[in-house]
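Report on one structure; see the data block that follows.
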Amino acid sequence: MSDEIPVRPEDFEEVGLDPDALFDATMGRRDFLLNTAKLTAAAAAAGPFFLAAEQAQAARAASTGGDPIATTVINAATQNFKGTNLTRISEAGLQALEPKNFSGPLWKQMVGGNVSVVEAPFPQIFTKSVTEHIAKSGTLDVIDASPAWIPDFADRGVIMPVDDLVAKYKIGATFNDLHPLYRALAKYKGKTWGFFADGDVWNLYYRKDIFGNPKLQKAYKAKFKRPLRVPRTWDEFNETAAFITDQMAPKVYGAGEGRALGNPGNQFYFFQTFRAFGGHLYDPATMKALVNNPIGIKAMNSIMGELKASEPGINKLDFVSSWVLWLQGKTAMIYAWPPTGRISENYAQRDKAFAFLPKSKVVGKVGYALMPNRNGEHAGSFVQTVSADSKNAEAAFLYNAWITSPSVSLQVVMLPYTLRDPYRISHYKSAKYRSLWPGAKNYLISLAQAANYAVIDPIMTGSADYANAMDRGMTGIYAGKDVKSGLDGIAKEWDAITKRLGQDRIRASYAEFLKLPGATSKNTIAALGKAVKIT
Amino acid sequence: MAAHADTYGRRRLRAASSLLDAHIRWVLVAPAVLLILFMTIYPLGYSMWVNFVNYDFAIPGHRWVALDNFKTVWDDPIARHALWVTLGLSAAAVAVELVLGFLLALAMLRAFVGRRMLMVLFVVPLFVSPVIVGTFFSLILTRPFGPTNYLLGKVLGHTVNIDFTNDHPWYYVSIVLADAWQWTPFMFVILLAGLASISDQLYEAAEIDGASPRQSFFFVTLPLLTPIVLLAVAFRLVDSLKFFDVIYVLTRGGPGTSTYTLSYYLYEQGFQLFHLGMGTAGSWMFMVVISVIAFWLVRRLLKPVDAVSA
């Protein structure tokens, strides 16, 4: 992309961004006592921030001089939009906790306006936003949009570009320390449509104790004539998962991904595996879907192999249920979103919001690795966008710029109950974050590395239709439909969607998507030579 | 002059008052009629227009497409499959509810100790939201957390490992089971009322004529109960054709599209994917299907009435 901004260490320092300075560990005894007293008083008065008092104080400090970007937008909001109420649509449940308990109350304290949160399941954020746009209700100001929806939202006028406002407030530096994978995800047709806010890259989490078990190692070597190790390919993953299941089921199963329709969305599994094997979604010349070609069949068979090594019935479980199995120690390997690492260490369960999840029985036993074949999916994710129908568009823009500013966003991704994941270089390098649990440093390094090799969701017109057809079709295959005929059915549906939406439109949209880093396994950030090395 | 004006004014007032008296009934119903017109006729008329234009979020503009929306739905294999699933599930559910409701009604016809309490318990499912019913059955049926396989294993004496919401044909069984649990009481209540309304004298007369209990049932009970049965079946069939809530919660139309009903298909097209033209055309087609079935049922219901009038 011509407007790619290279990562330069001095960019980070140039704007005076040093979030960790807010947690200076070298203070003297007097300062320590003073700050502890301040923290205690702040915690007592914190109300909703009680368990996030530290993050709240840091965010306030960032917004009142500590972080130039956060300070700029808060000052502008206070001067011009004091008391302006905003409505934000956010994913229901855990994702909505952050605006309800952190950024919303903080914004209210500093700017004076309420942030009302409308919750919706992930796919319905799309439908509700479209409904409000068609009705021209003006109800929504901030939309937590998935990057995959941006082409449809932008083309149909649901969201507005923010380049002019970024220039007006001179906060372009906010994009400088995004991981290179994420820089392009809020851009479409040369414009910026919001602020990237969630590094939803999949990683492999595995049980170090199981892989380090001497008996298992001996049995594995005897069977496969090679040492038991964290799988590096999908074939090895399935072999290893099946082996562990044979040896340890029903106590432990080798793999365990929730595969309920729409939760999390089976299309992620297919897109990841298919492209890791070198697959392309369409023939650019004819725009015929290629998901049912030999690579697609191989990918789907690999997924079915994984299913065989999983707990029976897991194909009807949602994603949170698969987390429950993992935390109870019933799964040897899981690949999933970054909160998996945090909940494994009981970091998230400190907060009552996560009380529905059991305490982790795998604390200290979890290792982090790249996905098999390296190319994990960057699945879902969020960009903070402004509704084009908003009556408070500029205030909404300032709110979005504030919560995604380097220092405030660091506090957001460190909240115990957050589902927002690290996405800035400063996040990966944060000494404070690295101190959250013993393995946190390796966790952050692995997330940065995963982003270097990740493939992104198809970001193109009609993405919701294609995803729905894929998700639905895969549940049919799980239930026993033949892989080939199941994929043929999905490809047929995709072709019908392409025909209905207009072949030329989809061709142009797909061509735009292919330019994005991570569109295929051949143009990942690492393949492009732009990998970020975090140590 | 003033007197003349005064008389004229009073005459006009009287005329207005008479007009109002003559048409008061229209004045009183006008607000309700206007509301109904606004809430139904206007949306119906608007939907008529949507049928024939492109109304799709992903495609700009609303160009005239004639019958393309209808054709797209008609040609869609998922829509066709959904139609057969709808008809099959409705027929199966209503049949099960009719038989179970009838048996329950027969069992509760005569008084016994605790009958009233039992009747109250039997009708409780009617007041439960279909979403809750679907969630309840999802929790007890879904592997690996549901207890159904375990309990069946205990009863049958061997391991049972059925995926009730994923294996064919068990997902259909699960849906019919959930629906029957909720709506059998409806059949029960109507059939019990029908049975109770049959005079005992008819049974006594049949007994005097030497009819066996079986003959009494087939020649006295069933013929007299037929209009009630038709009424109950008509109500339930038309309602069950709109299967949605239980499907949405229990199977989400899956696996694949195996349990897609027309309502679910139209919901997905119209409200999830925003293919509003297709969704609207499909809804109109669905309305025609339901109307044909309802028309046939009502004709059957009115046959005895027509015969009596004639």
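Bear in mind these aren't lab numbers, they're just calculated from the coordinates by the rules spelled out. Predicted model only: the values in this text are computed from it and were never measured. Glycine also receives a Cβ, built like all others from the backbone with ideal geometry; neighbour counts cover every protein chain displayed.
Relative to the present Cα-Cα distance, how much length would full extension add between A:V320 and A:K288 at 0.36 nm per residue of separation? The partial results should precede the final answer.
Details: separation 32, 0.36 × 32 = 11.52 nm, distance 3.51 nm.
In short, 8.0 nm is gained.
For A:H378, the residues 5 or more places off, or on other chains, whose built amide H falls under 5 Å of its own are A:W202, A:V455, A:I456, A:D457. Among the trypsin sites (Lys or Arg not before Pro) in segment B:24-115, those located in a DSSP loop and surrounded by at most 14 other Cβ atoms within 10 Å of their own Cβ are B:R63, B:R110. Remark on A:S116: its backbone amide H falls under 5 Å from those of A:L86, A:T87, A:R88, a criterion applied only to residues 5 or more positions apart or on other chains, H modelled at 1.01 Å from N.
Hey, can you list the DSSP H helices of chain B whose Cα span along the axis is 15 Å or longer and whose average Kyte-Doolittle score is at least 1.0?
Values: long enough: B:2-36 (47 Å, 0.47); B:77-107 (45 Å, 1.71); B:130-141 (16 Å, 2.26); B:170-196 (37 Å, 1.32); B:222-240 (25 Å, 1.77); B:276-309 (47 Å, 1.24).
Helix filter hits for chain B: B:77-107, B:130-141, B:170-196, B:222-240, B:276-309.
Starting from the Cα gyration tensor of segment B:169-227, take the square roots of the eigenvalues, sort them a ≥ b ≥ c, and report rounded, prolate or oblate (rounded when a/c is under 1.5, otherwise prolate if a/b is larger than b/c, else oblate).
On the way: a/c = 4.66, a/b = 2.48, b/c = 1.88.
It comes out prolate by the Cα gyration axes.
Comparing Cα centroids, segment B:13-80 and segment B:223-290 end up 22 angstrom apart. Convex hull of alpha carbon positions in the protein assembly as shown: directionally averaged projected area 54.3 nm².
Using the Kirkwood formula over every pair of different C-alpha atoms, what hydrodynamic radius in Å results for segment B:20-106? List each step's numbers first, then the result.
On the way: mean 1/r = 0.0558 Å⁻¹.
With all distinct Cα pairs of segment B:20-106 included, I get 17.9 Å.
Annotation for segment A:155-187 versus segment A:306-381: alpha-carbon center distance of 32 Å.
For segment B:1-50, what is the Kirkwood estimate of the hydrodynamic radius, computed as the reciprocal of the mean inverse distance between distinct Cα atoms, to one decimal in Å? Numbers along the way, then the final one.
Values: mean 1/r = 0.0718 Å⁻¹.
For segment B:1-50, inverting the mean 1/r across all distinct Cα pairs yields 13.9 Å.
One equal scatterer on each Cα of segment A:64-130, no solvent, Debye formula: the resulting log10 I(q)/I(0) at q = 0.14 Å⁻¹ is -0.49. In terms of other Cβ atoms within 10 Å, B:L19, A:L317 run from fewest to most in the order B:L19, A:L317. What shape does segment A:214-340 take by its C-alpha gyration tensor, where a ≥ b ≥ c are the square roots of the eigenvalues and a/c under 1.5 counts as rounded, a/b above b/c as prolate, and the rest as oblate? Note, shape of segment A:214-340 comes out oblate. Averaging 1/r over each pair of different alpha-carbon atoms in segment A:107-169 and inverting the result gives 13.3 Å, the Kirkwood hydrodynamic radius. Amide H contacts under 5 Å for A:S387: A:V142, A:I143, restricted to partners 5 or more places along the chain or on a different chain, H placed in the peptide plane at 1.01 Å from N. Karplus-based coupling profile of segment A:190-205, in residue order and whole Hz: x, 10, 9, 10, x, 10, 4, 9, 7, x, 7, 8, 7, 9, 9, 10, with θ = phi - 60° in 6.51 cos²θ - 1.76 cosθ + 1.60 and x standing for Gly or Pro.
Whole number please: convex hull volume per residue, Cα atoms of segment A:383-535, in Å³.
On the way: hull volume 28.0 nm³, N = 153.
For segment A:383-535, the hull spanned by Cα atoms encloses 183 Å³ per residue.
Ranking A:A154, A:F122, A:T174 by how far each Cα lies toward the positive end of the dipole of segment A:106-184 (charges on Cβ) leaves A:T174 at the top. As a rough guide to protection, the peptides A:525-535, A:280-290, B:263-273 ranked by mean Cβ packing within 10 Å, highest first, stand as B:263-273, A:280-290, A:525-535. Between A:Q328 and A:K515, the simple spin-label model (points 7 angstrom out along Cα→Cβ) gives 4.9 nm.
Taking only the Cα atoms of segment A:131-217, how large is their convex hull per residue, in Å³?
Numbers: hull volume 14.5 nm³, N = 87.
Value for segment A:131-217: 166 Å³ per residue.
A 20 angstrom limit on the alpha carbon distance is what I want to check against. Which of A:K225/A:K308; A:K330/A:K484; A:K136/A:K170; A:K429/A:K530 exceed it?
Values: A:K225/A:K308 23 Å; A:K330/A:K484 32 Å; A:K136/A:K170 31 Å; A:K429/A:K530 18 Å.
Among A:K225/A:K308; A:K330/A:K484; A:K136/A:K170; A:K429/A:K530, the Cα-Cα distance tops 20 Å for A:K225/A:K308; A:K330/A:K484; A:K136/A:K170.
What the pair-distance distribution of chain B shows, using all Cα-Cα distances binned every 10 Å from zero, is 5, 17, 22, 21, 16, 9, 5, 3, 1, 0, 0 percent.
Considering every residue in B:252-261, what mean count of other chain Cβ atoms within 10 Å of its Cβ is obtained?
Details: counts 8, 3, 13, 13, 14, 6, 4, 0, 1, 0.
The mean count of partner-chain Cβ atoms within 10 Å per residue comes to 6.
First measure r as the distance between the Cβ atoms of B:K242 and B:R300, then evaluate 1/(1 + (r/R0)^6) with R0 = 22 Å and state the FRET efficiency to the nearest 0.05. According to the calculation, E is roughly 0.60.
Farthest toward the positive end of the dipole of segment B:69-302, out of B:S90, B:L202, B:T251, is the Cα of B:T251, where the dipole comes from beta carbon charges about the Cα centre.
Label-to-label distance for B:R63 and A:K391 is 3.7 nm, based on points extended 7 Å past Cα in the beta-carbon direction.
Per residue of peptide A:475-485, the mean number of Cβ atoms on other chains within 10 Å of the residue Cβ is 4.
I need the per residue convex hull volume for segment B:130-214, using only the alpha carbons, in cubic angstrom as a whole number.
Values: hull volume 12.4 nm³, N = 85.
It comes to 146 Å³ per residue, whole-number rounded.
Packing-based ranking of B:32-41, A:82-91 yields A:82-91, B:32-41, ordered from highest to lowest mean Cβ neighbour count within 10 Å. Can you pull the one-decimal nm distance between simple spin-label points at B:L109 and B:V128, each 7 Å off the Cα toward Cβ? It works out to 2.9 nm between the two label points. When the Cα gyration tensor is reduced to axis lengths a ≥ b ≥ c, the ratio a/c is 1.5 or higher for segment B:141-280, and with a/b not above b/c it is classed as oblate. Peptide A:304-313 is shielded by partner chain Cβ atoms: per residue, an average of 2 of them sit within 10 Å of its Cβ.
Taken about its Cα centre, segment B:69-302 carries a charge dipole of roughly 140 debye when the Cβ of each Lys and Arg holds +1 and the Cβ of each Asp and Glu holds -1. Phi-derived couplings, Karplus 6.51 cos²θ - 1.76 cosθ + 1.60 at θ = phi - 60°, listed residue by residue for segment A:222-237: 5, 7, 9, 6, 8, x, 6, 8, 5, x, 10, 10, 5, 4, 5, 4 Hz, with x used for Gly and Pro.
Taking the Cα centre of the protein assembly as shown as origin, sum charge times position over the Cβ atoms of Lys and Arg (+1) and Asp and Glu (-1), and report the length of that vector in debye to the nearest 20. The partial results should precede the final answer.
Values: 82 positive and 68 negative charges, 254 e Å.
Around 1220 debye, computed over the protein assembly as shown.
Karplus-based coupling profile of segment A:482-498, in residue order and whole Hz: 4, 4, 5, 6, x, 5, 4, x, 5, 4, 5, 5, 4, 5, 5, 5, 4, with θ = phi - 60° in 6.51 cos²θ - 1.76 cosθ + 1.60 and x standing for Gly or Pro. The DSSP beta bridges internal to the protein assembly as shown are antiparallel in roughly 65% of cases. In plain terms, the bigger the Kirkwood radius, the slower the diffusion; for segment A:321-406, with that radius from Cα pairs, at 10 °C and 1.306 mPa s, Stokes-Einstein puts D at 101 µm²/s.
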